[in-house]
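Novice: Dropping a structure here in structure tokens format, bear with me for questions.
The values are calculated or read from the model by the stated rules, or taken from the named source; none is laboratory data. Everything quoted here is computed from the prediction, not taken from an experiment. Note that we place each Cβ from the backbone using ideal geometry, even for glycine, and neighbour counts take in every protein chain shown. Please note that ligands, DNA and RNA were not included when accessible areas were found on the heavy atoms of the full protein model with its side chains. Shrake-Rupley method; radii C 1.70, N 1.55, O 1.52, S 1.80 Å.
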Amino acid sequence: MGQTARSGPVGVILSVDPDRFAQVVEAARRVGLTVTGEQPILGSLSGTIAEDRIPVLGAVDGVESVDRERIVRLPPPDASPQ
């Protein structure tokens, strides 16, 4: 039982109601989302939030879905640039 719960910020992508985009962004900020990107036309929003706040974020009126951002790290190239 020596594990400590980690709830550091994780990247998330939200699908939100495009007709209420500004209101939903504001509500998401109020529950702890740090907005890193907005695509109002698409109804998409990206940001970071503490992992334990994701359920609260998903419950915000106008948020249709919350997905974790998948960060793909490419291995370094074999040859070093010259």
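Novice: Can you tell me which condition Thr48 does not meet? The list is (1) among the polar types (S, T, N, Q); (2) open to solvent by less than 30 Å² (accessible area, probe 1.4 Å); (3) closer than 15 Å to Gly8 by Cβ, and all the others hold.
Specialist: (2)
Novice: Any residue in segment 17-28 that is of a type in the set (S, T, N, Q) sitting within a Cβ distance under 7 Å of a residue that is not in a helix (DSSP H, G or I)? List the pairs, counting only those 6 or more apart or interchain.
Specialist: Note: pairs meeting the criteria are Gln23/Gly62.
Novice: Kindly provide the set of residues from segment 59-74 that are surrounded by 12 or more Cβ atoms within 10 Å (Cβ to Cβ), within 11 Å of Val16 (Cβ to Cβ) and under 11 Å from the mean Cα position of the chain (by Cα), ordered by number.
Specialist: Within segment 59-74, Val66 is the sole residue that qualifies.
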